[in-house]
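Working notes, beginning with the structure itself.
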Amino acid sequence: MPPLSFRLRLFLSFSLLWLLFLVGALYLAGRGVERALRGHLERSLLEDARRAAEAYQKGLSGSLIATGGVYLHLYTEDGEPLLLTRREHRLGPEALRGAGEAPRVAFREGFAAAWVRTPLGILVLTQDTAPIDLALAALRRSLLEAFFFLFPLGVGLVYLTARLAARPLEEAAREIAQRNPERLEPIPLHLPKDEVGRMVEAVNGLLAALKEAKERERAFLAEASHELRTPLTVLLGHLDRLSRNPQDEEALRTARATAERMRRLVEDLLALARGEAGWNLNLHIVDLKALAKEAAEEHGVAFQGEAAEVLGDPDRLLQMLRNLLANGVRAAGKEGVRVRLRRDGGLALLEVEDSGPGIPEDLLPRLFQRFARGPGGGVGLGLAIAQAIARAHGGEIAVESRPGRTVFRVRLPLLEEGGAE
C-alpha cells in the first residue's frame, strides 16, 4: 500500500477535527437549550408553589382550578389524593414523603410537579412537559440538519485549506526532485519565513554550497590538468632529446626537475586525501626553533626566534612550514619574507610575514579551503594542507593581510612541563 501523501494526511486530520468539533458543538447546544427550558419551567413551578402556599397560609385558598397551563392538586399527609385536577399527573405517596414548607420540584414522564406542605394538606402544582419535548425534538431535527449541511461544507473548506497549505511544499518537492549534479540552481520560490520557507532557504543554501564545491572542483581539475600537462609535455620533449643524444646533461637535469615538480603536485594531492581521512601522525618531541630555522634556510629567508618544544610529527610540521614559506616567497621574493618564533602563554606562536601585494579581500574568508587559488599562482593546495596539519596538532593558522604586509600566524600547543618524561 503506497504511503499517504502529506496533503491527504493533512485533509484527514483536519476533517476529523472538524467532525469532533461539530458533533461536540451541536451536542452542547442541544443540552444547553434543554437545560434552559427545563430550568425555566422549574423556576416557574417553584414560584407558583411558593405563592400558593403563602395564600393557603393566609386562608386565601380560592377555588382549585387549572390556570395558565398549571394544574393544582391536593393530597393528604399520607399521600392520598383529595383533589386531582388531572389524573395522569397523579403522584404516588412515596414521592410526597418528606414534603415541607419549602417547595420541591421533580420531573416525571410527560409532566413536571412542584409540591409544598400547607394547612389544607400537600399542595401539588403540575405542568405538561409536552411543549418542551416537542421543542427539543424540533431542535434535534434542526441540529441534525445543520450537521448534514455543515459537515460537508466544512470538509470542502478543509480540502481547499489542505490544498493551499500543501501547495508550497508540493512545489518545493517538485523543484527539488528536478535538481541533480548537473542542475544545482536555487529553487525559485519566494515564501514567507515559516517552516516551509526556512526549509527552502536551507535547501537553497545547500545547493549553493554544492554548486560552489562543484565549481571549485572543476577549476581544480582544470588547474591540476594544466599543471600536469605542461611538465609532462616538457618531460616528453627532453626524453625525446635524450633518446637522440643520451649524453645531453642539460636535458637530463631539466627532465629530473620536471619530474620532481610533478612528484610534489601528486604528494600535495595525496596529503589532502590523507588529511580528509585523518592524519596518521608519528609523534615526537619537536624542537620547533630548529625546525623553523631549517625551513627558513631552505628557502633563503630571514629567521629569528626563541626555543619552543611541541609534541608533533616533525615531517608534517616541516611540510606545513615549507608550504607557508613557499607562499610568502612566491608573493614577495626571498628578501621580503621573515620568520619569527616566540612563546605566547601555553602556545608556540610562529609568524611568517611577507611584504607582498597582500591577499584580495574576497579571497581571505576561503583562503584555507581546498582549491582556493590566489593571484600568486599554484593550484590552491598548499595553504589547505598547512591548515589541516596545524589542526591535526591541536593548533590553528590565522592570517592578517593588507597591501605590503601579510602575516600567517601558526599557534601550536607547547609541550607541557615534564612531557619528556
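The values are calculated or read from the model by the stated rules, or taken from the named source; none is laboratory data. Only a predicted model underlies this, so the values are computations on that prediction, with no experimental measurement involved. All Cβ positions, glycine included, derive from the backbone under ideal geometry; neighbour counts span all protein chains shown. All accessible areas refer to the heavy atoms of the entire protein, side chains included, with ligands and DNA or RNA removed. Shrake-Rupley method; radii C 1.70, N 1.55, O 1.52, S 1.80 Å.
So here's what we get for this one:
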{"item": "Which listed residue is modelled with pLDDT under 90, of a type in the set (D, E, K, R) and either in contact with a Phe, Trp or Tyr (Cβ under 7 Å, 6 or more places away or on another chain) or more than 14 Å from Val116 (Cα to Cα) (or both), from Arg50, Arg35, Arg31, Arg7", "result": "Arg7"}
{"item": "Top-ranked residue in region 174-189 [being in a helix (DSSP H, G or I) and out of contact with any helix residue (DSSP H, G or I) (no Cβ under 9 Å at 6 or more places or on another chain); ranked as least open to solvent (accessible area, probe 1.4 Å)]", "result": "Ala177"}
{"item": "Residues of region 118-131 satisfying the condition of being within 20 Å of Glu42 (Cα to Cα) and either surrounded by 20 or more Cβ atoms within 10 Å (Cβ to Cβ) or out of contact with any helix residue (DSSP H, G or I) (no Cβ under 9 Å at 6 or more places or on another chain) (or both)", "result": "Ile122, Leu123, Val124, Leu125, Thr126, Gln127, Ala130"}
{"item": "Leu136 being within 52 Å of the chain's Cα centre (by Cα), within 30 Å of Arg50 (Cα to Cα) and open to solvent by less than 40 Å² (accessible area, probe 1.4 Å)", "result": "yes"}
{"item": "Filter result for the condition that a residue is open to solvent by less than 10 Å² (accessible area, probe 1.4 Å) and within 21 Å of Arg51 (Cα to Cα), over Ala99, Ala106", "result": "Ala99"}
{"item": "Region 4-47: number of residues that are touching a strand residue (DSSP E or B) at 6+ places or on another chain (Cβ under 8 Å) and either open to solvent by 60 Å² or more (accessible area, probe 1.4 Å) or among the acidic types (Asp, Glu) (or both)", "result": "2"}
{"item": "Matching residues, region 161-196, being without any contact (Cβ under 8 Å) to a residue 12 or more places away in the chain, within 30 Å of Leu12 (Cα to Cα) and not polar (S, T, N, Q)", "result": "Leu164, Arg167, Ala173, Arg174, Ala177, His190, Pro192, Lys193, Asp194, Glu195"}
{"item": "Flag if Leu83 is in contact with a His (Cβ under 9 Å, 6 or more places away or on another chain) and either polar (S, T, N, Q) or open to solvent by 30 Å² or more (accessible area, probe 1.4 Å) (or both)", "result": "yes"}
